[in-house]
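Below is one structure, written out as structure tokens, with a few remarks after it.
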Amino acid sequence: MSLPAHQSASPSPTKVLGPRSFREPLVDAVDFAAAEALVRSGIDSARIVVAQGQDPQRARDAAARGCELGDGPVPAAPHVPPWRTLVVIPTYNEKDNLAAIVRAIWLYLDCDILVVDDGSPDGTGAIADGIAEADPRLTVLHRTGKQGLGTAYLAGFRVAFERGYERVCEMDADFSHAPWDLPRLVFGSGDAELVIGSRYVKGGCTIGWDWKRRMLSRGANLYTRTVLGSGIRDNTAGFRVFHVDALKGLDLGAVAAQGYAFQIEMAYRVVRAGHRVKELPIHFVDRFVGKSKMDGRIAREALLLVPKLRGRVPKQRAR
Ligand SMILES: Nc1nc2c(ncn2[C@@H]2O[C@H](COP(=O)(O)OP(=O)(O)OP(=O)(O)O)[C@@H](O)[C@H]2O)c(=O)[nH]1
Ligand SMILES: [Mg+2]
């Protein structure tokens, strides 16, 4: 007999989630819309039990058990989105995070996963292959050498087009993006071609960053908002859900950015194409395991690219 996923012997999330504890009382939400209102009112989504069609008592029991085990408010069964959904996880040296994040995602959401690994020297690619062998819901794209987050996602989008997915999600491997937030973002995508898990709307925040990192992120977003005037508050966020149809209508061949600026450029292209963008609040937690790939070059790219985008990205009418 196979054990329920959260009792299996695969990696415990406790290590990768760091000092996060799930000891505060749980709060019930009948569905993701209700959960949204709770998060906006300041409640951490790690405390919210979202029934969304599941029996409320079973949902509560499963969430309580999940919290006890360090997995967070796990649903009674993974939420099943009404769209064929692919979660793309770019990886570079994430050997201690990958298996745990994949397992955590599948506790919360019924979806396929694509890992785009850039020949990680620490062997992340081989770990991804191992998971893929055991579970066909995960596939791996191996690329040679570190080629940047932007090109990794573009490669992931192409796979989503080829395989007929309806939604494609961007998510980091390092648990900065909480797996329990993923279904809320996906289910929230019914009326927006792009959903952003946002740190800078009411109810959102960053946890664990020093003041320098906070200033850099705040500054980059203020600068982008001022220069581009697109109304988006968290332009650099990397936790996103796109409608695949909307992505197909964009000129992805013209995307210039490779690093962080990729997120800024993609959001701007979506807005300029006349699509709807929705920001849903998240608590972004600094990575606990592994190293950041953020560097001065990536920040410089964003600084130089943003003003150019204004002239470069033509306004289109949404199809
Ligand atoms: N394939 C691929 N993945 C990358 C590359 N650079 C970063 N990543 C992955 O992209 C995700 C985000 O990178 P991080 O280093 O966590 O960057 P960040 O989250 O913006 O910065 P931190 O807050 O410092 O963690 C992680 O899953 C990384 O492993 C790259 O060049 N290629
Ligand atoms: Mg990170």
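Brief remarks follow.
Condition check ((1) within 12 Å of ligand 1 (Cβ to nearest atom); (2) closer than 22 Å to residue 204 by Cβ; (3) touching a helix residue (DSSP H, G or I) at 6+ places or on another chain (Cβ under 9 Å)) across all residues:
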residue: 39; (1), (2), (3): no, yes, yes
residue: 59; (1), (2), (3): no, no, no
residue: 84; (1), (2), (3): no, no, yes
residue: 96; (1), (2), (3): yes, no, yes
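- Checking the stated criteria, residue 190 turns out not to satisfy the condition of being under 25 Å from residue 38 (Cβ atoms), buried (at least 22 other Cβ atoms within 10 Å of the Cβ) and either among the polar types (S, T, N, Q) or under 19 Å from the mean Cα position of the chain (by Cα) (or both).
- Only one entry of 299, 267, 246 meets the criterion of being small (Gly, Ala, Ser), more than 29 Å from residue 213 (Cα to Cα) and not in a loop (DSSP other than H, G, I, E, B), and that entry is 246.
- Here residue 196 meets the list (1) out of contact with any Leu (no Cβ under 9 Å at 6 or more places or on another chain); (2) within 22 Å of residue 171 (Cβ to Cβ) almost entirely, failing just condition (1).
- Residues in region 250-307 that are out of contact with any helix residue (DSSP H, G or I) (no Cβ under 6 Å at 6 or more places or on another chain), small (Gly, Ala, Ser), touching a residue at least 12 places away in the same chain (Cβ under 8 Å) and away from ligand 2 (no atom under 16 Å from the Cβ): 254, 256, 267, 273, 274.
- Any hit, region 64-75, residues being more than 27 Å from residue 190 (Cβ to Cβ), in contact with a strand residue (DSSP E or B) (Cβ under 7 Å, 6 or more places away or on another chain), modelled with pLDDT of 95 or more and not charged (D, E, K, R): no
- Total residues in region 165-175 satisfying the condition of being buried (at least 21 other Cβ atoms within 10 Å of the Cβ), of a type outside the set (A, V, I, L, M, F, W, C) and within 14 Å of ligand 2 (Cβ to nearest atom): the figure is 2.
- Helices (runs of 4 or more DSSP H) within region 80-164 that include 1 or more residues within 16 Å of ligand 2 (Cβ to nearest atom) and among the hydrophobic types (A, V, I, L, M, F, W, C): 98-108, 149-162
- Count of region 165-198 residues, restricted to those that are closer than 19 Å to residue 252 by Cβ, of a type in the set (Asp, Glu) and not in a strand (DSSP E or B), is 2.
- Residue check for residue 206: in contact (Cβ under 8 Å) with a residue 60 or more places away in the chain, of a type in the set (S, T, N, Q), closer than 15 Å to residue 170 by Cα and not in a helix (DSSP H, G or I): no
- Candidates 199, 184, 167 - the one that is away from ligand 1 (no atom under 14 Å from the Cβ), of a type in the set (Lys, Arg) and touching a strand residue (DSSP E or B) at 6+ places or on another chain (Cβ under 6 Å): 167
- Top-ranked residue in region 223-243 [being among the hydrophobic types (A, V, I, L, M, F, W, C) and part of a helix (DSSP H, G or I); ranked as surrounded by the fewest Cβ atoms within 10 Å (Cβ to Cβ)]: 227
- The listed residues are 214, 218, 225, and the only one of them that is without any contact (Cβ under 8 Å) to a residue 60 or more places away in the chain, over 23 Å from residue 87 (Cβ atoms), over 13 Å from the mean Cα position of the chain (by Cα) and within 12 Å of ligand 1 (Cβ to nearest atom) turns out to be 214.
The values are calculated or read from the model by the stated rules, or taken from the named source; none is laboratory data. Keep in mind that what you see is a predicted model, and the values were worked out from it rather than measured. A quick note on method: Cβ atoms are made from the backbone with ideal geometry, for glycine too, and the neighbour counts reach across all protein chains shown.
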